[in-house]
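Inspection log for the structure reproduced underneath, given as structure tokens.
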Amino acid sequence: MIRRAVTAAAPTRAVVDRFVAGETTADALRVATELVGAGCRVTLDHLGEDVTVPAEAALTVDAYTELLGALADAGLADRVEVSLKLSSLGQALDEELAAGNAARICAAAHAAGTTVTLDAEDHTTTDSTLRVLARLRERWPSVGAVLQAYLRRSEDDCRALAGPGSRVRLCKGAYAEPDVVAFSTAAEIRDNFMRCAEVLLTGRGYPMFATHDPVLIALVTDRIRAAGRGVGEVEFQMLHGVRPDEQRRLVDTGHIVRIYVPYGTQWYGYLMRRLAERPANAAFFLRALIGR
Ligand code: FDA
């Protein structure tokens with residue numbers, strides 16, 4: 001019902017537009033160009049998840065291939081990479097199918113001169129995603145992983161992925177997970193984020209800290225110096241539309257800042273996770289929906 005209402009109503013469209021670049025490759029390129037012009041790097045996500053029909057997964061591969069060709073043509077490939085969800089490539093149907101589809105996208109990214117990062121989804125997919133990552137990294141060592149600080153296992157996963165050439169995006173995690181696998185309080189999640197950050201910063205890979213949390217940004221900034229890393233050896237990452245002032249401040253203080261920009265027609269699941277993260281967003285959304 002909400003999906004239908006949002007699609008139909010212009011005011012709620014504005015809420016979608018705050019977080020999502022638009023529906024087409026051209027929309028994604030436009031927003032990426034603006035952000036690169038403002039000194040940021042970008043990772044583009046073609047929205048879609050939980051695909052269970054091989055033909056739909058093939059369409060996802062086509063969308064990324066088109067995007068990567070357009071990035072190369074526009075001369076953006078040194079600043080703009082792509083993020084992808086294995087569930088949009090058929091992971092729930094068959095890990096082999098998703099791995100083959102992801103390999104096609106990695107080959108297209110390599111040809112375009114850019115990199116790929118595999119998003120992290122709910123905990124039931126973590127083992128499979130890390131298996132596929134390991135296979136992709138044999139051919140394309142720059143393929144990045146996402147690890148979620150709310151998962152109890154992530155400190156070990158960080159250790160396993162902190163070697164030379166490895167790229168790891170550390171985020172808190174966005175799915176509803178059971179206590180047996182995940183920390184649930186804000187304090188526990190922050191503590192584990194910092195334990196994971198320490199492993200990545202003292203390791204030999206390239207850490208990417210994906211958070212808008214001012215407490216974590218301050219702690220990580222201190223630890224970057226203490227770990228003897230320069231500002232160019234670490235990235236901060238944030239979502240399109242979230243804390244743009246902080247994005248600007250980090251760029252102005254010399255940090256590498258990459259903005260995660262989703263685009264495409266399948267924005268519903270993504271938008272619902274962003275609204276769930278912050279009650280103020282949900283209130284803004286509901287006011288727009290009822291026209292007040
Ligand atoms: P927290 O939620 O505590 O937010 C801190 C502050 O940031 C808030 O007080 C508010 O000011 C602001 N803020 C945060 N979210 C906001 C929102 N939606 N709207 C407006 N303001 C907001 N998750 C996952 O499970 N798998 C993945 O692959 C990824 N990938 C990913 C990439 C990138 C680049 C980012 C930044 C995040 C992800 N995430 C993710 C999402 C992540 O797990 C997490 O859900 C969100 O980043 C929110 O957590 P914060 O660390 O920002 O802290």
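The values are calculated or read from the model by the stated rules, or taken from the named source; none is laboratory data. Everything numeric here is computed off the predicted structure, so don't read it as measured data. Because the Cβ atoms are built from the backbone with ideal geometry, glycine has one as well, and the counts that use them run over all protein chains shown. Protein only, heavy atoms only, side chains kept; ligands, DNA and RNA dropped before computing areas. Shrake-Rupley method; radii C 1.70, N 1.55, O 1.52, S 1.80 Å.
Just a few scattered comments:
- Debye intensity ratio in log₁₀ form over the Cα atoms of region 1-159, taken at each q of 0.13 Å⁻¹: -0.66
- Cα gyration tensor shape of region 21-266, rounded if a/c is under 1.5, else prolate or oblate by comparing a/b with b/c: oblate
- The relative contact order of region 135-212, computed from alpha carbon pairs under 8 Å that lie at least 6 residues apart in sequence, is 38 percent.
- Where both bridge residues fall in region 21-266, DSSP classifies roughly 5% of the beta bridges as antiparallel.
- Protein heavy-atom surface of the chain, 1.4 angstrom probe: 56% of the accessible area is carbon and sulfur, with nucleic acids and ligands not counted.
- Cα pair count fraction exceeding 22 Å, expressed as % - region 155-260: 29
- A 1.4 Å probe run over the protein chains yields, for the chain, 44 Å² of accessible area per residue, whole-number rounding.
- Length-normalised contact order for region 155-267 - Cα pairs under 8 Å, 6+ apart - percent: 24
- At an R0 of 35 angstrom, the distance between the Cβ atoms of Asp78 and Thr185 translates into a FRET efficiency of 0.30.
- As a length-normalised measure over Cα pairs under 8 Å and 6 or more apart, the relative contact order of the chain settles at 23 percent.
- Taking trypsin sites (Lys or Arg not before Pro) across region 178-220, the ones in a DSSP loop with at most 14 further Cβ atoms lying within 10 angstrom of their Cβ are Arg204.
- For region 21-266, size of Cβ-based charge dipole, Lys and Arg +1, Asp and Glu -1, in debye: 960
- Residues Glu233 and Val53, FRET efficiency given R0 of 30 Å [Cβ-Cβ distance, rounded to 0.05]: 0.10
- Put the Cα centre of region 101-148 next to the Cα centre of region 204-253 and the gap is 22 Å.
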